[in-house]
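Asks: Attaching a single structure in structure tokens format; questions to follow.
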Amino acid sequence: MKTILVAGTNSGVGKTSIALGLMAAFARRGLRVQPFKVGPDFVDPIYHKAATGRDSYNLDGWMLSREVNLACFMRCISFTDIAIVEGVMGLYDGRDGKSDSGSTAEMAKLLDTPVLLVLDCWALARSAAAVIRGYTSFDPDIKFAGVVFNKVGGTSHTAWLTEAISATEPGIKVLGGVPKSAGIELPEKHLGVHLPAGEEMPLNYIHRLAELMEMHVDLDAILQQATSFELTQRDLVPSSSTMDLILNPPEGHPKPVRIGIARDDAFCFYYHENLLLLQSTGAELVEFSPLRDTLPPRLDGIYFGGGYPELYLEQLSSNTRLLYGIRAFASAGGVIFGEGGGLMYLSQGIEDEEQQKWSMCGVFPFWTRMQPVMHMGYVTVTPEENCVLFPSSVGEIRGQIYHFCETFYSNSSAINLCPKGFVMKAEYQKLGEDFEGFMYGNTMVTFVHLHFGSNPAAAQSIVERCRMDTTKAAAVAAASASAVAAAGPVAAAAAGAAAASAVAEAMGDTKSLVPYQSVSDSHFTLRRSGSFDSGSSRQSYEGRRINGRLVRSESELWVGQVDQKHDSYNRVGGEITKSTLEYSPGTSKAGFASTKGKGYTGPDDILIMNPKEGRRYGDILGSNSNEAIAIVQGSRRKNLPPLTSNRRTFGWLINGEVPRHLERVPSGGGFSSSSPSSKTLPERIVSLSPSATEILIELGAGKRLIGVTESCRRPGGVMNDQYIVCRSKVDPGSRFQTYVEVQKSAGTLGKGISMRLDVSWLCKAKPDLIIIQDSSLHGDTCSSSIVGILAQAGLESGKNTNIMILKPHTMADAMASVLDIGDMVGLYHEACLLGDWLRSRLREAAAAVARLRRPRVLVLHAVDPFVLGGHWVPEIVGLAGGLDALQRPGCNAESVIWRRIINYAPEVLIFALISSSVEQTFSEVGKVTRFSGFWSLPAVEARRVYICEHFFFSSPGPKLVDGVELLTNMLHPTAALSRQVPGAVLRLTLSSGQTCSPDQISKHFQPY
């Protein structure tokens, strides 16, 4: 991994813009770019993610120890080509005037990385040389890669500055001169910090910065000046449990927990390391939006970060289902931790600038409002004996404060009602210690943004607290209160109280409930009543990858014996036995069929919905384009070196030699595996994901498939040999009477069409592994729905069946899925080969278009309404040399109106429609030609309109790489990539200036 640090002579010189431009430009070239930010800032990392698709890590010389900073850096080595670190303030600015503590210079020396110095030259000429001499000689331990002149007046200005540097500082390289460009500026600041990456920062801002870097900065020279980071784990001394937790997180937990993460434009301030440490200590993170969503089900805890709730008062206040649900969750003893904006949200409400009060969750008795006094600086907090979330044994935790908020009480008798659990010492004030951290029940809020990396025991404490039994009552209380929100706060409170009490009584733990006391007229008192069927409370957890390393926390579901009176099934991939089924009428109050013993009882059809859950990012591209391009045994091979089977290792020889990836594969029969797990490898696999099916076949595990969905159409013929376990339609006269309806994932296309899962067949087939996938654009089902259905059918946690859940949102996730699946089926080395080959193809495409003009591209996946795919589609467009200024990588599919398309004026228009036939596709395209302005679109006038099979853009597996290559050839024919798929693309061939009727459009598309 190469590293370079971008620093400025002072704040405001443009180091963030230069850093973002470099990140985006190198990513365009197919490099895996990992961003870092020096200091406690939250907003620049948001921009970093927009430029790279990766979460950015904060490095901080005061909040974090030397070892933790290095460990955060080290964990990215294996899946990063270049790490770009953005500094803070001026290069030498830190906590005080006598040392480099907390400065960019301190971090440069710690990482031993060269500094790229950014200088604002708008009002400078030869004096720039004097400034540079001062910076380069001030600390001889700092290594400089060179300088970049920002805001120059033109090429002659750059030449003048370069001449001055060459004459006085010949050892300093001038690596570029970026002109001042109108319209390319960071947006206005709100309360001293930039707004989050939403509408306030145009999508094409990053693209324009990348183009400036391509034209005015020597990227190749910067890459040469970047140094390799070669620190090893043995260099991290002294060794500690903190290092082990960061670098070697445990691979399983006896009782995983689900923690909801509030994340949207209103709540966007999180240290990424905090989330990873929660995962490492046994938490499954489930994201939700306080602006739009209800509370996800089966949560054991909730984490509210900071952000901008004061900018979204009306929207937050109107989401009463979530407000009442969170209030009930807290009142029933649920674990909640809130920082900054989270404190404001959990208060009675927020008063705006016009003194209008907006009601929020009402967990705490005080109100909040913005005021002109800024509170900013580093702090330490120490938990008190009475602290509800962090025991006093945790010790000191470091963090920072940055806010303009104050609390106040509308009722003077309620003042100081809430106890505080922290003793806080502010580093920026000499006022001694103070108390911080309001508490109510198991809820705690604070103005301090804690960094768990300063003391990972803090993350462990939260997770352990979430393992309390009261969290079950709280989750049910929240769901009950949310369900009746339309009836008002009193009814919601009563419903939540009744549900919580019933759960607590069923668990014999009524004493642990926290009684809710009214603190104002708007509050209410909880009552205990009602009943609860414990059969309806079930949880499922998924495996996840933490920075390229697989963490096995997915549920292992036991396939129970099912007595079923039924005709025998055909043998598919193994023997299926015949048995009988006895129905009983029992169902739970939640609408699930309850499970008693080994029998499956309940209705034939169950409809279960699933909320949107979390995201993750991994690596997209490899680092060495000269590595062997190879793929393991699959149904098709193209443009590959000769492969020879080696039965001893079940690996593959490339040109007669064992690849480096396979050198350590153990000999013997069976399948090779580099997985650390010693569990039995799956021989009978059911894939409910088209991309997973494709990956399994490419890995050579196709013969282990026994069941697929009707959406698994690639490669051709795959459905001929496997049972179709999930269908969109079922013959009413079918003998299979145990199909259960499953809703598609949130964010998918298909207008919410449900699939029907043959639960009875699954129970009889007893697969070793079931692969489910959320967040695809087409064809995938809702993972939590399926897991819940399987649990109701008796496929409960055990050791005979594993459920693997994939949630790809980006190209990086799609590439990580290859390794995840390979690791799970014992073909990890083969997956590495496949991943290397796919990444090398992506690098080849990106390199071919790096310096070419990028046209505006629009990819439509549906036309009624018009739908943009989101997810990985913007990355496909970028890697292929196009510009998608309408969506960000990783976002969900979204519908758009025709006026937005007209305003966007695409230069290339691609129809990748999810349709049942070619005729239907032409019919849909014909409908679009009726819209006003269609024939005037730049893409239509230039006849750059294409029809392409949708799976090249919608299936997050190897086909996405084919999609990049296809799109590259469409956008830049001169790139002439060798790999093409004949007949996969049609192009509009109507003569320039002519139009046609919608029913004649099919005659004017020809193979491209």
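Asks: Of the heavy-atom accessible surface of segment 333-399 (probe 1.4 angstrom), what whole percent is carbon and sulfur?
Replies: Details: 1140 of 2430 Å².
Here carbon and sulfur together make up 47 percent of the probe-accessible area.
Asks: To continue, here is another question. Please list the non-local residues whose amide H lies under 5 Å from the amide H of L806, H modeled 1.01 Å from N, same-chain partners needing a gap of 5 or more.
Replies: I772, Q773, D774
Asks: Just to confirm a number: summing +1 for Lys and Arg and -1 for Asp and Glu over residues other than Y303 whose beta-carbon lies under 13 angstrom from that of Y303, what do you get?
Replies: Details: positive: R258, R263, R465; negative: E284, E287, D300, E339.
Once all neighbours under 13 Å are counted, the net charge is -1.
Asks: Can you sort K425, K472 by solvent-accessible area, 1.4 Å probe, largest first?
Replies: Details: K425 105, K472 60 Å².
Order by accessible area, largest first: K425, K472.
Asks: Sticking with this structure for a sec: How would segment 320-472 be classified by its alpha-carbon gyration tensor: rounded, prolate or oblate, with rounded meaning a/c under 1.5 and the a/b versus b/c comparison settling the rest?
Replies: oblate
Asks: Order 72-80, 153-161 from most to least packed using the mean count of other Cβ atoms within 10 Å.
Replies: Peptide ranking by packing, descending: 72-80, 153-161.
Asks: May I ask for the net charge around M376, where only other residues with Cβ less than 12 Å from the Cβ of M376 are counted and Lys, Arg are +1 while Asp, Glu are -1? Mind showing how you got there, number by number?
Replies: On the way: positive: none; negative: D41, E427.
Taking every Cβ under 12 Å from that of M376, the sum is -2.
Asks: Among 119-131, 291-303, how do they line up by average Cβ neighbours within 10 Å per residue, starting with the highest?
Replies: Values: 119-131: 16.8, 291-303: 22.2.
Descending packing order for the listed peptides: 291-303, 119-131.
Asks: Work through the residues other than S992 whose Cβ is under 13 Å from its Cβ and net out their charges, Lys, Arg +1 and Asp, Glu -1.
Replies: Result for the neighbourhood of S992: +1.
Asks: With a 10 Å radius around each residue's Cβ, average the other Cβ atoms per peptide and rank 767-773, 170-176, highest first.
Replies: 767-773, 170-176
Asks: If each of D999 and L417 carries a label point 7 Å out from its Cα toward its Cβ, how far apart are those two points in nm?
Replies: 7.2
Asks: Let me ask another. For segment 61-189, which whole-number percentage of the solvent-accessible area (1.4 Å probe, protein heavy atoms only) is attributable to carbon and sulfur atoms?
Replies: Percent of accessible area from carbon and sulfur atoms in segment 61-189: 52.
Asks: Over what distance in Å are the Cα centres of segment 824-903 and segment 321-400 separated?
Replies: Cα centroid to Cα centroid, the span is 39 Å.
Asks: Hey, what did segment 857-982 get for relative contact order, percent, Cα under 8 Å, at least 6 apart?
Replies: Reported relative contact order: 28 percent.
Asks: Name the shape class, rounded, prolate or oblate, that the alpha-carbon gyration tensor gives for segment 812-934, where a ≥ b ≥ c are the square roots of its eigenvalues, rounded holds for a/c under 1.5, and otherwise prolate holds if a/b is larger than b/c and oblate otherwise.
Replies: Note, shape of segment 812-934 comes out prolate.
Asks: Could you check how much of the accessible area of segment 844-929 is carbon and sulfur, as a whole percent, using a 1.4 Å probe?
Replies: Whole-percent figure for carbon plus sulfur exposure: 53.
Asks: Going through the cross-link list K420/K472; K143/K180; K37/K151; K703/K1003, which pairs have a Cα-Cα distance over 32 Å in this structure?
Replies: Correct reply: K703/K1003.
Asks: For C763, what accessible area in Å² do you get when you roll a 1.4 Å probe over the heavy atoms of the protein chains, rounding to the nearest 10?
Replies: Around 10 Å² of this residue is reachable by solvent.
Asks: Next up: Which order do F435, F447, F931, F911 take by accessible area at a 1.4 Å probe, largest first?
Replies: F435, F931, F447, F911
The values are calculated or read from the model by the stated rules, or taken from the named source; none is laboratory data. Remember, it's a predicted structure, so these values are computed and weren't measured experimentally. Quick reminder, even Gly has a Cβ in these numbers, built from the backbone with ideal geometry, and neighbours come from all protein chains shown. With ligands, DNA and RNA removed, areas are computed over all heavy atoms of the protein, side chains included. Shrake-Rupley method; radii C 1.70, N 1.55, O 1.52, S 1.80 Å.
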